[in-house]
Amino acid sequence: MHEEQQRLDRTEHRAEHGPLSGFTVGVTAARRADELGALLQRRGAVVVHAPALRIVPLADDSELLAATKELIDQAPDVVVATTAIGFRGWIEAADGWGLGEALLDRLRGVELLARGPKVKGAVRAAGLTEEWSPSSESMAEVLDRLLEEGVEGRRVAIQLHGEPLPGFVESLRAGGADVVVVPVYRWMPPEDIAPLDRLLDAAVSRGLDALTFTSAPAAASLLSRAETRGLLPELLAALHHDVLPACVGPVTALPLQNHGIATVQPERFRLGPLVQLLCQELPGRARTLPIAGHRVEIRGHAVLVDGALRPVPPAGMSLLRTLSRRPGWVVARAELLRALPGAGRDEHAVETAMARLRTALGSPKLIQTVVKRGYRLALDPAADTKYSVG
């Protein structure tokens, strides 16, 4: 009866956990952070959110007002709308200045390009019609079209959403275009920096399994904050080896790539595909070992034992990771003590943490005590040759 109940418990555990269960994912987004967090949590992830910046509307900003007046006074040949929220914000700001109708009249007479379906929706909601929109929703495709048409002597206005478009403006100007930048929003540091610092500390201490970025300014802001705190080398080391940096697209990834960080990106630059990518990448990076007749998958803050999710305390995860680096080999108590965060010099702390780890795993035989030497994972004999060398 007891064994039957254990089997039912394991089945229940398997049914409950999602592909991201046992993983902790950091979210740096300011806009749509709730949506991204909900998508991650529905798949089992623990989410740590800290906006790396805040978006400030420029309704009272002289730059936006000046650009709007300039375009009304001197018509552009082409207007590129890059984001739905940014385009709506521009029209609303112009309305507030009493320039709304004049701006819409001007936009009706130009070649209007919209970067994707959401932007098209905003354009049409304003009573306008776009001339073209790329199927890829990529600004690179917009740039290719403009350069193929030829921009020599043409006036091109680009509505920005607070973030720069590296190479876009420069390429148009190199082609002979007169480029007018329309800055609808501005990125600013967060008013409360404490959550960002906690996220940064979690990344550096490997308390995160992945860190997501949905805009280039957010990535740049996190790197800047790390540099200010003297933690940039530690952050880069974490992103190189242990914390997976996931970006919604190639433009977002640029600040990280400039520091030599390789990122993963979905084929479609959307939140859903970004989450699906994490659902593939993170389980694929987990260490899986055959131990004492069980299949053990070591995740960020939990372990799957034969498919059943077993949450493990941080100290226990530190011990398990140390043991898994040399599966089947004895690891001395002194080495395990060094792996425990803030454990001091008392090796009794290893015994206490080990007892809790065994309880959390639900199968004490996974970890063997080797008298007067230390502990080892009870690696299955058939796997010993593969895992015990090195």
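The values are calculated or read from the model by the stated rules, or taken from the named source; none is laboratory data. Please read all numbers here as calculations on a predicted model, not as lab measurements. Note that we place each Cβ from the backbone using ideal geometry, even for glycine, and neighbour counts take in every protein chain shown. Side chains included, ligands, DNA and RNA excluded: accessible areas come from the protein's heavy atoms. Shrake-Rupley method; radii C 1.70, N 1.55, O 1.52, S 1.80 Å.
With every protein chain left in place, what is the accessible area of E141 in Å² (1.4 Å probe, nearest 10)? The value for E141 is about 60 Å². A75 to M188: FRET efficiency via 1/(1 + (r/R0)^6), r the Cβ-Cβ distance, R0 41 Å, to the nearest 0.05? According to the calculation, E is roughly 0.80. Take D95: with every protein chain present and a 1.4 Å probe, its accessible area is about 90 Å². Each helix, a run of at least 4 DSSP H residues, gives -39500 (n - 2.57); summed and divided by the residues of the chain, these come to -14000 deg cm²/dmol at 222 nm.
The heavy atoms of R287 present about 90 square angstrom of accessible area, all protein chains included, probe 1.4 Å. Placing a pseudo-label 7 Å from each Cα along the Cα-to-Cβ vector at L147 and T369 gives an inter-label distance of 6.8 nm. Under the simplified labelling scheme, the H348-E281 pair shows an inter-label distance of 4.5 nm, with each label point 7 Å from Cα along Cα→Cβ.
With a simple spin-label model that places each label point 7 Å from the Cα along the Cα-to-Cβ direction, the separation between A102 and S224 comes to 3.3 nm. What residues from region 184-226 fall in the zone where the backbone N is under 16 Å from a label point 7 Å along the Cα-to-C-beta line of R32? The answer is 212-219.
When all alpha carbon pairs of the chain are counted in 20 Å bins from zero, the resulting P(r) reads 24, 44, 22, 10, 0 %.
Applying 0.36 nm per residue to the separation of R356 and E335 and subtracting their alpha-carbon distance, the gain on full extension is 5.7 nm. Averaged over its residues, region 33-123 has an accessible area of 44 Å² per residue, based on protein heavy atoms and a 1.4 Å probe.
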